[in-house]
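These notes concern the structure reproduced below.
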Amino acid sequence: MTAAARRGEAAGAVLVAEHQDAGRGRFERTWTSPPGVSVATSVLLRPRRPALDWGWLSLLVGLAVADGIRDLGGGDRVTLKWPNDVLIDQKKVCGILSERVVTDSGDAAICGWGINVSTAPAELPVPRATSLMMAGLPTDKSALLAAVLSRLADLADRWDGGSDLRAEYAAGCSTIGRRVRVHLDEQAAERASVVGQAVGVGENGELLVAFGDKVEAFAAGDVVHLR
């Protein structure tokens with residue numbers, strides 16, 4: 001998809017794969033997925049909004065995926081974890097990565113996500129993950145893709161047109177209202193983390209965390225939900 005962006009491909013191009021042997025996530029993390037049990041999707045967007053606002057793109061994808069799974073019967077079991085996870089029963093079913101690509105034809109964004117569809121327990125990368133099959137939900141990939149892409153198109157159009165989607169995102173985000181630990185630097189681990197109460201999402205998609213009477217905005221970081 002990066003090559004398509006650099007060729008000047010129009011916004012809305014979609015790439016779908018049912019197998020990845022060199023997947024990439026945040027902090028250059030890598031993963032693989034067994035053939036046929038998941039669906040990975042990348043969408044090319046060319047937002048008009050300033051690059052400072054593009055932190056919202058992963059949040060928009062999360063909203064779209066969550067709503068797509070709800071359409072399959074997931075209901076209130078489906079929630080969002082800021083900034084780039086979709087959960088079923090508080091277990092990860094989808095990871096998201098959005099990247100900015102600088103091209104001669106203007107900056108573009110590649111929004112990518114992978115959903116565990118019929119992944120079995122032994123095939124999951126971590127114990128706190130799940131799949132649609134394990135959650136007892138339908139595993140029709142075509143129906144899922146159609147629902148997610150339709151919802152993403154609507155959200156992206158509204159956001160790019162200036163709509164404020166903070167309340168809509170917060171309503172489905174299980175991070176908001178919880179005590180959280182934010183890891184600011186993966187290499188520094190515990191020495192570069194903060195603990196506070198997640199109270200909302202900022203104008204640019206940042207996580208707002210309260211420490212006593214002070215609220216700080218975090219544009220990036222790994223978040224752990226604390227009990």
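The values are calculated or read from the model by the stated rules, or taken from the named source; none is laboratory data. Note that the structure is predicted; figures quoted are calculated from it, not measured. Positions of Cβ are generated from backbone atoms using ideal geometry, with glycine treated the same way; all protein chains shown enter the neighbour counts.
Things to note:
- All positions within the range 125-165 that are touching a Phe, Trp or Tyr at 6+ places or on another chain (Cβ under 7 Å), surrounded by fewer than 17 Cβ atoms within 10 Å (Cβ to Cβ) and either under 30 Å from Ala11 (Cα atoms) or modelled with pLDDT of 95 or more (or both): Leu165
- Scanning the range 75-84 for residues that are crowded, with 23+ Cβ neighbours inside 10 Å and not in a loop (DSSP other than H, G, I, E, B) turns up Val78, Leu80.
- From Asp53, Asp67, residue being part of a helix (DSSP H, G or I), more than 19 Å from Ser150 (Cβ to Cβ), in contact (Cβ under 8 Å) with a residue 12 or more places away in the chain and charged (D, E, K, R): Asp53
- For the range 159-176, filtering for residues that are out of contact with any strand residue (DSSP E or B) (no Cβ under 6 Å at 6 or more places or on another chain) and either outside any loop (DSSP other than H, G, I, E, B) or of a type in the set (A, V, I, L, M, F, W, C) (or both) leaves 6.
- Qualifying residue in the range 206-213 (condition: outside any helix (DSSP H, G or I) and assigned by TED's automatic domain parsing to the domain that holds Leu87): no
- Looking only at residues in the range 98-110 that are surrounded by fewer than 22 Cβ atoms within 10 Å (Cβ to Cβ) and part of a strand (DSSP E or B), the one that is farthest from the chain's Cα centre (by Cα) is Val101.
- Condition check for Val117: farther than 25 Å from Arg48 by Cα, in contact (Cβ under 8 Å) with a residue 40 or more places away in the chain and either of a type outside the set (A, V, I, L, M) or in contact with a strand residue (DSSP E or B) (Cβ under 6 Å, 6 or more places away or on another chain) (or both): yes
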